[in-house]
1. Cβ-Cβ under 7 Å, sequence separation 6+ or interchain: first residue in the range 59-83 and more than 21 Å from Leu98 (Cα to Cα), partner of a type in the set (Phe, Trp, Tyr). Which pairs?
2. Out of everything in the range 63-83 that is over 21 Å from Ser164 (Cα atoms) and aliphatic (A, V, I, L, M), what residue ends up being farthest from the chain's Cα centre (by Cα)?
3. If you check every pair at least six apart or on different chains, which have Cβ atoms under 8 Å apart with a residue in the range 10-22 that is farther than 15 Å from Thr117 by Cβ first and a residue that is of a type in the set (S, T, N, Q) and part of a strand (DSSP E or B) second?
4. Count, please, the residues in the range 171-200 that happen to be more than 19 Å from Gln124 (Cβ to Cβ) and either free of Cβ contacts under 8 Å to residues at least 24 places away in the same chain or charged (D, E, K, R) (or both).
5. Would you please list the contacts, defined by Cβ atoms under 6 Å and residues six or more apart or on different chains, that run from a residue in the range 36-50 that is free of Cβ contacts under 8 Å to residues at least 60 places away in the same chain and closer than 12 Å to Thr72 by Cβ to a residue that is among the small types (Gly, Ala, Ser) and outside any helix (DSSP H, G or I)?
6. With respect to Gly162, determine if the residue is surrounded by 21 or more Cβ atoms within 10 Å (Cβ to Cβ) and either modelled with pLDDT under 95 or part of a helix (DSSP H, G or I) (or both).
7. Scanning the range 1-21 for residues that are touching a His at 6+ places or on another chain (Cβ under 7 Å) and among the aliphatic types (A, V, I, L, M), which turns out farthest from Trp186 (Cα to Cα)?
Amino acid sequence: MLVKQLTVGTMGVCCYIVSCEKTKKAAIIDPGGDEDRILDYCSRNQLQVQYIINTHGHPDHVCGNGRIQEATGAQIIMHAGDAAYFSDPRIKDYFSSLGMPESPPIDVIVQDGDVITVGEEHLQVIHTPGHTPGGICLYNPPHCFTGDTVFVGAVGRTDFPGGSTEQMMTAIKTRLLVLPEETIVWPGHGYGGSQSTIGREAKTNPYF
């Protein structure tokens, strides 16, 4: 799997364009702005974007969904927990203050353990609630896209509606720290760095 990391939008989201080298099929993970840059990379590399995958439903991670879908025809994928949670009018009103575009309707609902196929590559869905109810990580050895669950040297905040510190720490310890030490951590924001490994985080992340 080929991985391109782009820092996009006003909130510095780490967007990932992942592609199958053989088939040129691709998925875009968390298009949080700067859609022209994302689309330009896909065009220059002749990628056919099949999916837009959101690691969670916060506006800074989904605000580019509409523009990317309009340009590519890609299906939008989100975990069932966040698809339901962020469709609640009260939650929409809370986050609308950020002034970012809402996502169009979700096309594909996933659950823990589901596999998203991109060409000849596969992304396993790992449900990691805590930052949001339906937060997910995406695993394709040796890559793990951790969204806002794990950053380099930090973890996602849990003080937004729907957050839970207990759920997040349980998910990290039971779902992520059990992955091989050499697994590459690709975070949802580059606050402490653009990438790490599970082994390094297990040893040095103060939140663990």
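The values are calculated or read from the model by the stated rules, or taken from the named source; none is laboratory data. Model, not experiment: these values are computed from the prediction. Reconstructed Cβ throughout: ideal geometry from the backbone, glycine too, with neighbour counts over all protein chains shown.
1. Sorted first by the residue in the range 59-83, then by its partner, the pairs are Ala74/Tyr51; Gln75/Tyr51; Ile77/Tyr51.
2. Looking at the filtered set, the residue picked out is Ala71.
3. Val13/Thr7; Cys14/Gln5; Cys14/Thr7; Cys15/Gln5; Cys15/Thr7; Tyr16/Gln5
4. Of the residues in that region, 2 qualify.
5. Taking only residues 6 or more apart or on different chains, the pairs are Leu47/Ser19; Leu47/Ala26; Val49/Ala26; Val49/Ala74.
6. Numbers: surrounded by 21 or more Cβ atoms within 10 Å (Cβ to Cβ): yes; either modelled with pLDDT under 95 or part of a helix (DSSP H, G or I) (or both): yes.
Yes.
7. Among them, the one singled out is Met1.
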